[in-house]
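Participant: One structure is given below, represented as structure tokens, and several questions about it will come after.
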Amino acid sequence: RRDQFRLGYYEDRTSSTMEMSSKLVGAIMTFVARCERNHQYVGFSDIGNHIDHYTMKYKDGGRAWLLPKCFGNDDSAVDAFIEHLIHQGALAKDIMTRSYGCPIPSFQAYLIERARFTSEELCELDPMTS
């Protein structure tokens, strides 16, 4: 029963724009998780740079890799998308370190799983050098 409540909570926190961009969200969560495991700080601009990287790299990979149009198409769209992820509880700022992470690891895992990455995509999600 707890699992049903947890899943319901995750579904409530996952907005339609997050669903629309499920691969982009999953990629961001994968990046943040990797940094957390390696005890690396993640700045707001780091997340933005990764969003830019993923949307350019996978621009022909379907809408799940793109920023939803509701955030606009200028430089502020990435910032607005990050703020949306913060508002939905996918990201939170650590005031002490001024870095960002996912406050609920199981929600992070849920968002990564929802992305349904192919094995090729998972390999390519390794650092931005790919």
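Participant: Of the residues Lys69, Lys23, Lys59, which exhibits the maximal mean-square fluctuation in a Gaussian network model of the chain defined by a 10 Å Cα contact cut-off?
Facilitator: Lys69
Participant: Given the options Phe81, Phe31, Phe44, state which has the largest fluctuation in a GNM of the chain using a 10 Å cut-off (strictly under) for Cα springs.
Facilitator: Maximum fluctuation in the GNM of the chain, among the listed residues, is at Phe44.
Participant: Please calculate how many Å² of accessible area the stretch 49-130 carries per residue, with a 1.4 Å probe and no DNA, RNA or ligand atoms counted.
Facilitator: Result: 62 Å² per residue.
Participant: Rounded to the nearest Å, what's the spacing between the alpha carbon centres of the stretch 74-128 and the stretch 48-73? Just the number, please.
Facilitator: 13 Å
Participant: If amide hydrogens are placed 1.01 Å from N in the peptide plane, which non-local residues have theirs closer than 5 Å to the one on Val42?
Facilitator: Tyr100
Participant: How large is the helix-only mean residue ellipticity at 222 nm for the chain, computed as the sum of -39500 (n - 2.57) over DSSP H runs with n ≥ 4, divided by its residue count, in deg cm²/dmol to the nearest 500?
Facilitator: Result for the chain: -17500 deg cm²/dmol, rounded to the nearest 500.
Participant: From the P(r) of the chain, can you give the percent of Cα pairs sitting at distances over 24 Å?
Facilitator: That fraction is 23 percent.
Participant: Extending each Cα 7 Å along its Cβ direction at Cys70 and Ile86, get the distance between those two points in nm, one decimal.
Facilitator: 1.9 nm
Participant: Kirkwood hydrodynamic radius, the stretch 1-52, all distinct C-alpha pairs: what's the number in Å?
Facilitator: 12.6 Å
The values are calculated or read from the model by the stated rules, or taken from the named source; none is laboratory data. What you are looking at is a predicted structure, and each value in this text was computed from that prediction instead of being measured. Note: ideal-geometry Cβ built from the backbone for every residue, glycine included; neighbour counts use all protein chains shown. Quick note on the areas: whole protein, heavy atoms, side chains included, nothing else; ligands and nucleic acids left out. Shrake-Rupley method; radii C 1.70, N 1.55, O 1.52, S 1.80 Å.
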